[in-house]
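Asker: My questions will all concern the structure given below.
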Amino acid sequence: MKRCEILAPAGDAQSAYAALNSGADAVYLGLSQFSARANAENFDVSALAQLCNFAHLLGAKVYVTANTLVKDEEAEAFFSLVLSAWNAGADAILMQDIFLGREIKRAYPEIVLHLSTQAGCNNEYGALLAKEYGFSRVVLARETPLAEIGKISELIETEVFVQGALCTCFSGQCYLSSFAGNNSGNRGRCKQPCRKKYRIDRKGFEEEAYALSPSDLSVGTGTEELLRAGVYSLKIEGRMRRPEYVAAAVSYYRALADGTDASEEFTRLRRAYNRGDYTSGLAFGQDKNFLSRDVQGHIGEDVGEVSLRGGKPYCKSAYPAVRGDCFKILRDGKEVCGAAFLSGDGRGFYLSASARLNAGDRVRVTTDTVSNAALLSAKKTRDIPLSLYFRAGEVPRAVCGELEIRGEVPLERAGKAPLTRKDLTECFAKTDGLPLSPVFGEVITDGVFLPKSLLNAFRRECYARICAYLAPVRAPLVKKEILAPQIDRSDGTMTAVIASDLRGLSADILIYKPADYSDLSGMSEGKGEKYLYLPPYFTSEDEKLIADMLPLFDGIYCEGTYGIPLAARYHKPLFAGTGFNLTNRFAVNGVICAGAKYFALSKELTGSEQRALSAKGAFALTAGSVKVMDLVHCPFGRRCGDCDRKNIYRLTDEQGREFPLRRYRFSGGFCRFEVYNCASLAYYNGETSALIDLSAEDAGQELVLAARDPDRAKRLQKNSTSGHGNRSLL
């Protein structure tokens with residue numbers, strides 16, 4: 001493989017050091033605020049500075065995630081955190097809000113910015129905008145196909161996930177945790193409702209299963225294709241996982257990158273964490289193993305099957321189980337229970353389990369005690385050339401490359417017990433926990449004497465100077481005041497409606513959202529400005545399909561920031577959709593300055609927060625369907641042959657709540673899906689123009705007319721909610 005960066009997750013200090021000691025080129029981590037993994041242990045600024053120094057001594061980098069949505073009142077704290085992280089030694093800051101990033105780059109041109117996967121960059125237009133706004137790298141959406149990865153990598157440095165958990169929803173567009181439990185994934189507090197059981201009203205999918213839960217990603221040798229496409233950084237997901245998983249994943253991809261046999265490393269990785277026996281991910285097209293419908297969580301590695309000996313469960317296996325090892329038991333592919341090592345006889349081992357085990361049950365190791373200990377014992381150091389000169393009448397000297405460290409007092413000849421070469425090398429072999437390994441060159445002493453305490457003090461001074469030489473500390477940036485922009489107030493009198501069929505509808509703006517983008521029969525009628533709806537996932541093939549359609553429309557409604565340069569290219573007015581996730585005045589002002597004629601505020605804001613951001617052209621979702629997920633994959637495993645091709649399915653959770661599952665077609669020959677909240681929305685903040693979504697609604701024009709009357713909207717819908725209108729989310 002060509003040279004690449006192996007980037008590892010660090011949810012805590014132990015994981016960070018495990019990653020670096022296992023050969024990671026960089027780690028990414030969060031601080032106490034604005035991290036998309038708020039439930040990880042994370043770091044304070046002092047611990048960050050210490051880690052940065054350690055990493056830089058190894059020639060590695062540290063990236064800090066500040067990749068959540070930021071509300072207006074949090075902006076000052078956000079800017080302060082970014083500055084503190086940079087001054088502590090961070091090599092780059094990852095951000096979701098592209099407009100806040102632009103403000104930071106204007107104030108502090110020195111700060112390196114990476115666009116988080118939460119921003120949903122998956123095409124050339126999104127990459128061009130990121131580059132224009134000062135980002136030096138984009139972390140691509142996990143759904144980005146290989147062809148798009150190659151095009152983007154020609155424009156800007158790219159970072160791509162190769163290992164770890166996958167979100168079922170398109171990056172940055174998941175609101176299921178937010179609306180189902182008031183814990184926002186966009187705010188770093190996802191409760192993972194996608195990992196729960198659901199049933200779907202399609203034949204073969206009626207039984208409860210983990211219908212939305214993807215297997216873990218493991219690209220493995222497919223990384224060669226990514227690197228040929230121009231990818232620079234191979235990213236491992238897992239800030240909520242244990243240090244041994246991080247070490248195993250880094251070791252595996254380090255071996256692949258170095259061109260060595262990685263089979264043993266892959267075995268250790270499977271035993272450290274493996275959901276669903278892995279998928280190669282959507283970059284290469286949806287495979288049959290993309291969803292882990294039958295088993296949730298760590299499935300480990302298969303090591304044998306259960307037999308009964310004297311009524312006790314036994315596994316004949318070559319796996320050398322020891323006390324402390326744990327297992328998962330599967331029966332007909334489904335989880336039965338966990339089990340633990342009881343005793344072994346050299347040919348296999350007995351199991352202790354909480355449920356009755358049957359002969360033929362499969363045994364999968366999920367905790368390999370010996371392997372985990374080996375993974376965490378790795379220590380990486382940096383070789384440094386070191387020559388020592390201890391001559392009588394001269395001050396002691398140490399030379400490391402071009403750096404020379406000199407003592408203050410000339411050395412005297414020893415009366416007895418002079419310093420030997422061995423004394424010096426043994427002393428300087430001690431690096432006091434620093435990740436350095438001295439490679440001795442000349443070590444010259446001519447019979448001098450130096451008390452041990454003074455020799456140790458000189459050694460410590462040498463290594464302090466060497467550290468400053470190898471990993472110099474940046475001059476801190478001085479804090480600047482970044483003032484929030486003023487915005488012109490909206491009169492809030494307009495109405496816009498999203499619908500798949502415009503017949504019988506009348507509004508200021510009609511946003512046409514086809515069930516099939518090759519068929520525009522549903523847009524010929526309806527009264528109002530007509531905009532074409534574009535989803536957050538948008539490829540070059542999609543663009544080819546809609547290019548000839550655009551003259552039929554007055555503008556583009558787009559759910560991703562890629563819509564800014566796309567609309568400019570086709571000279572069409574832009575309606576920036578809710579997928580822009582506008583949550584603060586910097587973002588609102590940014591999208592206006594970028595040329596958007598209209599824009600929708602984040603659907604995770606309260607009514608008062610919406611009102612505060614209601615600039616001219618602002619809309620807020622007030623009634624109808626609330627989209628909580630965009631699925632680029634097929635939840636039915638692309639079983640197209642027996643598909644009943646319904647437009648709307650029902651996804652029912654364990655509490656009996658029904659979430660509409662909308663199917664639509666764009667380019668590429670495969671369907672895409674959207675999940676809508678189990679309850680429709682009925683909330684109007686009193687000032688902002690109204691956006692109504694009829695994507696999964698029976699009510700049509702009547703609901704449009706009720707856009708500013710929540711009570712009437714509630715009566716028109718089977719069940720409804722005020723969403724986040726009256727409650728601030730976590």
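The values are calculated or read from the model by the stated rules, or taken from the named source; none is laboratory data. Treat the numbers as computed from the prediction; the structure is a model and nothing was measured. Ideal geometry is used to build each Cβ from the backbone, glycine not excepted, and the neighbour counts take in all protein chains shown. Protein only, heavy atoms only, side chains kept; ligands, DNA and RNA dropped before computing areas. Shrake-Rupley method; radii C 1.70, N 1.55, O 1.52, S 1.80 Å.
Asker: Just for region 427-470: of the residues that are of a type in the set (Lys, Arg) and in a helix (DSSP H, G or I), which one is most open to solvent (accessible area, probe 1.4 Å)?
Answerer: Among residues in region 427-470 that are of a type in the set (Lys, Arg) and in a helix (DSSP H, G or I), the one most open to solvent (accessible area, probe 1.4 Å) is Lys452.
Asker: Name the residue, out of Val473, Val497, that is open to solvent by less than 20 Å² (accessible area, probe 1.4 Å), under 36 Å from the mean Cα position of the chain (by Cα) and in contact (Cβ under 8 Å) with a residue 60 or more places away in the chain.
Answerer: From the options Val473, Val497, the qualifying one is Val497.
Asker: On to the next question. Restricting attention to region 704-730, report how many residues are surrounded by 22 or more Cβ atoms within 10 Å (Cβ to Cβ) and within 32 Å of the chain's Cα centre (by Cα).
Answerer: Summing the residues that are surrounded by 22 or more Cβ atoms within 10 Å (Cβ to Cβ) and within 32 Å of the chain's Cα centre (by Cα) in region 704-730 gives 3.
Asker: Could you pull out the residue among Ser280, Ser263, Ser233, Ser251 that is at negative phi and open to solvent by less than 20 Å² (accessible area, probe 1.4 Å)?
Answerer: Unique residue meeting the criteria: Ser233.
Asker: Continuing with this model, one more query. Filter region 24-43 down to residues that are in a loop (DSSP other than H, G, I, E, B) and touching a strand residue (DSSP E or B) at 6+ places or on another chain (Cβ under 7 Å) and give me whichever is most open to solvent (accessible area, probe 1.4 Å).
Answerer: That would be Arg37.
Asker: Can you find even one residue in region 358-368 that is surrounded by fewer than 20 Cβ atoms within 10 Å (Cβ to Cβ), at negative phi, touching a residue at least 40 places away in the same chain (Cβ under 8 Å) and polar (S, T, N, Q)?
Answerer: Within region 358-368 (the criterion being surrounded by fewer than 20 Cβ atoms within 10 Å (Cβ to Cβ), at negative phi, touching a residue at least 40 places away in the same chain (Cβ under 8 Å) and polar (S, T, N, Q)), the answer is yes, since at least one residue qualifies.
Asker: Let me ask you something else. Could you grab me the full set of residues in region 500-512 that are in contact (Cβ under 8 Å) with a residue 40 or more places away in the chain, touching a helix residue (DSSP H, G or I) at 6+ places or on another chain (Cβ under 9 Å) and crowded, with 22+ Cβ neighbours inside 10 Å?
Answerer: If the condition is that a residue be in contact (Cβ under 8 Å) with a residue 40 or more places away in the chain, touching a helix residue (DSSP H, G or I) at 6+ places or on another chain (Cβ under 9 Å) and crowded, with 22+ Cβ neighbours inside 10 Å, then Ala507, Tyr512 are the ones that fit.
Asker: How many residues does region 321-350 contain that are under 29 Å from Asn289 (Cα atoms) and touching a Phe, Trp or Tyr at 6+ places or on another chain (Cβ under 9 Å)?
Answerer: Selection size over region 321-350: 7.
Asker: Inspect region 302-318 for any residue being open to solvent by 30 Å² or more (accessible area, probe 1.4 Å) and closer than 22 Å to Ser218 by Cβ and give the result as yes or no.
Answerer: Yes - at least one qualifying residue is present in region 302-318.
Asker: Turning to a different aspect of this structure: Between a first residue in region 324-337 that is open to solvent by 50 Å² or more (accessible area, probe 1.4 Å) and a second residue that is outside any strand (DSSP E or B) and among the polar types (S, T, N, Q), which pairs have beta carbons less than 7 Å apart while being 6 or more apart in sequence or on different chains?
Answerer: Close Cβ pairs (under 7 Å, with a partner that is outside any strand (DSSP E or B) and among the polar types (S, T, N, Q)) amount to Arg331/Asn358.
Asker: Here is a check on your reading of the model: is Phe341 part of a strand (DSSP E or B), among the aromatic types (Phe, Trp, Tyr) and open to solvent by less than 20 Å² (accessible area, probe 1.4 Å)?
Answerer: It is false that Phe341 is part of a strand (DSSP E or B), among the aromatic types (Phe, Trp, Tyr) and open to solvent by less than 20 Å² (accessible area, probe 1.4 Å).
Asker: Now for a separate question. If you go through region 93-102 one residue at a time, how many are open to solvent by 40 Å² or more (accessible area, probe 1.4 Å) and either touching a Ser or Thr at 6+ places or on another chain (Cβ under 8 Å) or within 26 Å of Leu234 (Cβ to Cβ) (or both)?
Answerer: Qualifying residue count for the region: 0.
Asker: Further, regarding this structure: Can you name every residue in region 410-420 that is surrounded by fewer than 14 Cβ atoms within 10 Å (Cβ to Cβ) and in contact (Cβ under 8 Å) with a residue 24 or more places away in the chain?
Answerer: Glu412, Arg413, Gly415, Ala417, Thr420
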